Amino acid sequence: LRNAMGDDSQQPRYIQTQHGVGYRFVGEVLQQHARLDEVLPADVVADTEAGSGVGSTSGRPWDAGSGAVARPSPRHWTMRTWMTASLLAIGIVIATLWWQQRAAAPAGRGEASVAILPFTTLGGERDDDYFAEGLAVEMHDALAGVAGLKVAAPLSPASPASRETDVRKLGALLGVSAVLDASVRREGERIRISARLSDTRSGFTVWSQVYDRERTGVFATQTEIANEVVGALLQVLPERSQALSRKLTPTRNVVAFDAYLRGMQQLRLAASSGNVDDAIAFFNGALKEDRGFAKAQAGICRSELVRFGSRRNAESLAHARVACELARDMDPGSSIASLALGDLYRTQGDDKQALAQYALALKDPARWPGAYTGIAQIHATRGEHAQALAYFRKAMQASPGNAAIHSRLGYQQYLQGDLEGAIESYRAAVRYRPDDAVVWSTLGGLYLSIGDHRLAAGAFERSISLQPTAGVLSNYGELKFLQREYPAAVSLLRRAVELDAGDLLVWGNLGNALLAESGGADSAAATTAFGRAVEISTDYLALNPDDAVAMAATGWYMANLGMTRQAREMVARAEALGTASGEASLLNAQTLRAL
């Protein structure tokens, strides 16, 4: 039809694509009849006036002018009449085929859903990658908050899916009906963003636009792009547009926003390394420019939680609490702060407070994946596995292709002793995020748990090639220890403590390897390692007294230091918890044998 009428899909005069719905006529309607009831049967008129017509809300409204126009005789077919009838017939065929395709489409892809690819940087400045990536993350966060629109999990720039040029394959992988991609170029005080929305069924472009603005226009440009996406996938409502504008304008200070995007990039990198110092420095820089920048303050809170999770450092938890509360004070309705506080209280074992914060976070659809995952983890800790699985599924539905949800489900399955289920979950996680060093390391650890040393070594080496973190070096050292390659184990574990000197389990593993390397003889180096592990454990267990593995491991370290009474107390406490019973029982058995 477009070809016959000389129409342009990007700037249509007649036919406009309504993504996920069909098409609408947007041409100017010229009055040819005074009233519809003069040319149509009464029952059809009644239906049309009731709004049942396909185009009842599209295009320009019908004008009821004065003066009747004679009804043309059906015998006298002009070229225009023939063309109109032909187009109508073709339109019926197209509509029929479209409905057939829609009916045959896989479940989940017919709904309003979109994946946002990492935005790419144009120009020679690779340092600008943080800016393009950050804009994509902000866009994801804003669109995920639109009720009725499902947004796939953010893709890593290094992920093969991000480089997939066939949007149809990407749609099948992530289960979405559309893909948004964009390129960003910054030149001095100007910014140029080229955005495109593509249909994953046909592979065709639904909408595209180039924005060439002053640097200060970045917030308005983001809002325009978001409105175009929502307009193409859902019916546009004014309140949605206003909400998108608020989300995409977290500050009016472009310098603060730039520092915030740098901080977010460093926070994403810290997910593997646990080193959040650079992220916090950039967030503080953003707050220096705008003291009321709540998202930057929430970034500090999230960074400290990452540090605590990586290093089991009591000081980090205290810093996280202060930062989260400051973010909430800056923006009492901040769903990001509520989610972070929920995670913080859950980490402390305060389920009541955690659930209250998750309930607040759930008011924003963008926080559904994180909040549902947090609630699932609470149920899992209580041993309520059916409820935990139900909430994990809710999280996965809210964020298709989210590797973090699969990995957290896998961790809970591991704690339940379901190693096969845990391995499948982590395999799904690496499928969605094959560049995640931590997930590969954990998968290697699971292979190690079932005694498959070959697959474990492969996963560890893949992880180290991506990023040699303390966790994977420690796990690989444990594998070398089991294979009795003690010098190799010591070397890997020394590298691990150089990267992270605050993890009690890494220090303990180093002590084990040094003790084995010395043939069981007294080893000053092993004693030093065990002593450091116990020092860290004292603070950690005060904040996280439900970690049976850490408790049992501490008992083993104490036994090697001659702390007999304290070691027996740790054995009893770990056994009383009844969690992670396999690993904790093995450690307790080693401790009792040593005593």
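The values are calculated or read from the model by the stated rules, or taken from the named source; none is laboratory data. Keep in mind that this is a model prediction, so the values were computed, not measured. Reconstructed Cβ throughout: ideal geometry from the backbone, glycine too, with neighbour counts over all protein chains shown. We work out accessible area using only protein heavy atoms, side chains counted, and drop any ligands, DNA or RNA first. Shrake-Rupley method; radii C 1.70, N 1.55, O 1.52, S 1.80 Å.
What figure in square angstrom, to the nearest 10, would you give for the accessible area of H319 with a 1.4 Å probe? Only protein atoms counted, so the area is about 80 Å².
Divided by 2.2 N^0.38 Å, where N counts the residues, the Cα radius of gyration of the range 316-403 comes to 1.06. Seen through its C-alpha gyration tensor, with square-root eigenvalues sorted a ≥ b ≥ c, the range 446-529 comes out oblate because a/c lies at 1.5 or above while a/b is not bigger than b/c.
The dipole here belongs to the range 475-595: it is taken about the Cα centre, uses +1 on the Cβ of Lys and Arg and -1 on the Cβ of Asp and Glu, and is about 320 debye. Could you give the distance between the Cα centres of the range 337-360 and the range 368-422, to the whole Å? Measuring centre to centre over Cα atoms gives 16 Å.
At a Förster radius of 41 Å, what calculated FRET efficiency corresponds to the Cβ-Cβ distance of R192 and D329, to the nearest 0.05?
On the way: r = 38 Å, r/R0 = 0.92.
The computed FRET efficiency comes out at 0.60.
On the basis of the beta-carbon distance and an R0 of 25 Å, A4 and R24 show a calculated FRET efficiency of 0.90.
I'd like the FRET efficiency for L419 and L269, computed as 1/(1 + (r/R0)^6) with the beta carbon distance as r and R0 of 41 Å, rounded to 0.05. Given R0 = 41 Å and the Cβ-Cβ separation, E is 0.85. Rounded to the nearest 20, the size of the Cβ-charge dipole of the range 265-416 about its Cα centre is 360 debye, with Lys and Arg at +1 and Asp and Glu at -1. Remark: the R431-L586 segment gains 52.6 nm on full extension, using 0.36 nm per residue and subtracting the alpha carbon distance. Extension gain for the segment Q397 to R213, taken as residue separation times 0.36 nm less the Cα-Cα distance, is 62.6 nm to one decimal.
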